[in-house]
Amino acid sequence: MERAARALEAADGFAVLDFQEAARLRVAGVTKPILMLEGFFKPIDLPLLHKYNLTPVIHNAEQVEMLRLAPLPAEMDVYLKVNSA
């Protein structure tokens, strides 16, 4: 993954599925935006978004509620996934 990130360093950012992948990129020195395509699943995941400066995709109302109730240290950008028929 780190090798791919170096090869794609002209990209505006990256999108990954899980926190392990995002953390690997940050530890490897990637500073560009990282979008979490699956968002998060539990309130315990929220501190990782701040720790690694990640942007979650919000898929459902439960995620919105978790964000609303979380004692976050700062505002956070999010992307909203909308299914259309």
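The values are calculated or read from the model by the stated rules, or taken from the named source; none is laboratory data. Note that the structure is a prediction, hence the values are computed from the model and not measured. Heads up, the Cβs are rebuilt from the backbone with ideal geometry, glycines too, and the neighbour counts pull from every protein chain shown. Surface areas here come from the heavy atoms of the whole protein model, side chains and all, with no ligands, DNA or RNA. Shrake-Rupley method; radii C 1.70, N 1.55, O 1.52, S 1.80 Å.
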**OP:** Please name all residue pairs, on different chains or six or more residues apart, with Cβ atoms under 6 Å, provided the first residue is in the range 66-85 and is over 15 Å from LEU49 (Cα atoms) and the second residue is surrounded by 10 or more Cβ atoms within 10 Å (Cβ to Cβ).
**Re:** LEU80/ILE58; LYS81/VAL57; LYS81/HIS59
Original post:
With the range 1-61 as the region, which helices (runs of 4 or more DSSP H) entirely inside it contain at least 2 residues that are open to solvent by less than 60 Å² (accessible area, probe 1.4 Å) and either modelled with pLDDT of 90 or more or within 19 Å of LEU80 (Cα to Cα) (or both)?
Top reply: 19-27, 46-51
